[in-house]
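Novice: Attaching a single structure in structure tokens format; questions to follow.
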Amino acid sequence: MGALVASIEVPTLIVCDFDGTITRRDTLQVIVERYGMPGVWDAIEPRLRSGEVTLEQAMEEQFAGVRATPDEIRRLVAERAELRAGFHELVEWSRAGGRRLVVLSSGFRSVIEDVLGRVGLGHLPVEAHDARFAAEGSTILWSERGGAECDRCGRRCKRHDLDHHRRGGETVVYVGDGVSDRCAAQDADVVFARDGLAEFLDGLGIPFRPFEDFNDVRADLDRHPPAVGA
């Protein structure tokens, strides 16, 4: 009689997008709505989702008219960037279980680190672009995201950051919601998706687990942990 091999959880890397995933609202949209050109995102989003413009082109258009000081940006984001429920608990659950958690974003490092620092999560590794804000205008400071251009999107996208953080033998759990998550999510072993990312993956027939908040993510991983064996 063959021996029954119990499933055992494998080393796990949890990768979380920031805007619209860790936060309930996209901080880039919040900034543009207050300090940029009214209605610009509504005009850009359909072109971005269809591929008419790249993410970088869309962000350049969004922030071309943003005029605000760093202090104004910090105050605004502090008021409007509520964390999605369960994120603190997911971070603690990951730490207690020896799982690594990193934040991969196409947003701005200074904004992200300020938000996370205010809630006691400033220790989390963050990969992101950045921006220089001023009353005279704003400048996006693009991360190099080294390596070759992605063969899926033709850009230097989050796949490079994922490859940089992934260790041999680790299972990758990806949690995201938007266009910037498309390529990296396809390289993950388990994907939690909502909003535009869910629509994109569904259109390709790629399996994913829907979620509303991080309590859903944690409960799902407790029920169905990444495992080897049978």
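The values are calculated or read from the model by the stated rules, or taken from the named source; none is laboratory data. The structure displayed is predicted, hence computed values, not measured ones. A quick note on method: Cβ atoms are made from the backbone with ideal geometry, for glycine too, and the neighbour counts reach across all protein chains shown.
Novice: Select from segment 38-70 the residues that are surrounded by 14 or more Cβ atoms within 10 Å (Cβ to Cβ) and among the small types (Gly, Ala, Ser) and write down the one among them that is farthest from Cys157 (Cα to Cα).
Specialist: It comes out as Ala68.
Novice: From (1) over 21 Å from Val102 (Cα atoms); (2) modelled with pLDDT of 95 or more; (3) of a type in the set (A, V, I, L, M), pick out the condition that doesn't hold for Ala148.
Specialist: (2)
Novice: Mind checking whether some residue in segment 170-185 is modelled with pLDDT under 90 and farther than 22 Å from Thr21 by Cα?
Specialist: no
Novice: With the requirement that a residue be among the hydrophobic types (A, V, I, L, M, F, W, C), part of a helix (DSSP H, G or I) and modelled with pLDDT under 95, what does segment 1-56 give you?
Specialist: Leu28, Val30, Val32, Val40, Trp41, Ala43, Ile44, Leu48, Leu55
Novice: Restricting to segment 103-115, give me the number of residues that are out of contact with any strand residue (DSSP E or B) (no Cβ under 6 Å at 6 or more places or on another chain) and in contact (Cβ under 8 Å) with a residue 60 or more places away in the chain.
Specialist: 3
Novice: Follow-up. Could you please find all residues in segment 18-32 being surrounded by 19 or more Cβ atoms within 10 Å (Cβ to Cβ), out of contact with any strand residue (DSSP E or B) (no Cβ under 7 Å at 6 or more places or on another chain) and either under 12 Å from Val77 (Cβ atoms) or among the hydrophobic types (A, V, I, L, M, F, W, C) (or both)?
Specialist: Hits for segment 18-32 are Asp26, Val30, Ile31, Val32.
Novice: Test of understanding: among Arg218, Arg194, Arg166, which residue is under 18 Å from Gly98 (Cα atoms) and at pLDDT 95 or above?
Specialist: One residue alone meets the criteria, Arg218.
Novice: Right, something else. Let me spell it out: the conditions are (1) surrounded by fewer than 17 Cβ atoms within 10 Å (Cβ to Cβ); (2) part of a helix (DSSP H, G or I); (3) in contact (Cβ under 8 Å) with a residue 24 or more places away in the chain, and Leu76 meets all of them except one. Which number is the exception?
Specialist: Just one mismatch for Leu76, condition (1).
Novice: Report whether or not Ile112 is surrounded by 13 or more Cβ atoms within 10 Å (Cβ to Cβ), over 29 Å from Ile206 (Cβ atoms) and either of a type in the set (Val, Ile, Thr) or in contact with a His (Cβ under 7 Å, 6 or more places away or on another chain) (or both).
Specialist: Numbers: surrounded by 13 or more Cβ atoms within 10 Å (Cβ to Cβ): yes; over 29 Å from Ile206 (Cβ atoms): no; either of a type in the set (Val, Ile, Thr) or in contact with a His (Cβ under 7 Å, 6 or more places away or on another chain) (or both): yes.
Answer is no for this residue.
Novice: Could we say that Phe133 is touching a Phe, Trp or Tyr at 6+ places or on another chain (Cβ under 7 Å), of a type in the set (Phe, Trp, Tyr) and at pLDDT 95 or above here?
Specialist: Working: touching a Phe, Trp or Tyr at 6+ places or on another chain (Cβ under 7 Å): no; of a type in the set (Phe, Trp, Tyr): yes; at pLDDT 95 or above: yes.
No, not satisfied.
Novice: Which of the residues spanning segment 198-230 are of a type in the set (A, V, I, L, M), in a helix (DSSP H, G or I) and in contact (Cβ under 8 Å) with a residue 40 or more places away in the chain?
Specialist: Val217, Leu221 - these are the residues of segment 198-230 that are of a type in the set (A, V, I, L, M), in a helix (DSSP H, G or I) and in contact (Cβ under 8 Å) with a residue 40 or more places away in the chain.
Novice: Follow-up. How many of the residues in segment 159-187 are in a loop (DSSP other than H, G, I, E, B) and more than 13 Å from the chain's Cα centre (by Cα)?
Specialist: Adding up the residues that qualify gives 6.
Novice: Can you tell me which residue is nearest to Leu141 (Cα to Cα) among those in segment 58-73 that are β-branched (Val, Ile, Thr) and assigned to a loop (DSSP other than H, G, I, E, B)?
Specialist: If we filter segment 58-73 for residues that are β-branched (Val, Ile, Thr), which is where we start, we get 66, 69, 73.
When the remaining residues are screened for being assigned to a loop (DSSP other than H, G, I, E, B), the result is 66, 69.
On the way: Val66: 14, Thr69: 16 Å.
It comes out as Val66.
Novice: I'm trying to understand the selection: among the residues of segment 200-215, which are within 16 Å of the chain's Cα centre (by Cα) and either within 12 Å of Val179 (Cβ to Cβ) or of a type outside the set (Phe, Trp, Tyr) (or both)?
Specialist: Phe200, Leu201, Arg209, Pro210, Glu212, Asp213
Novice: Looking at Asp189, Asp213, Asp181, Asp202 in this structure, which one is among the charged types (D, E, K, R), in contact with a helix residue (DSSP H, G or I) (Cβ under 9 Å, 6 or more places away or on another chain) and surrounded by fewer than 23 Cβ atoms within 10 Å (Cβ to Cβ)?
Specialist: On the way: Asp189 fails: in contact with a helix residue (DSSP H, G or I) (Cβ under 9 Å, 6 or more places away or on another chain); Asp181 fails: surrounded by fewer than 23 Cβ atoms within 10 Å (Cβ to Cβ); Asp202 fails: in contact with a helix residue (DSSP H, G or I) (Cβ under 9 Å, 6 or more places away or on another chain).
After applying the criteria, what remains is Asp213.
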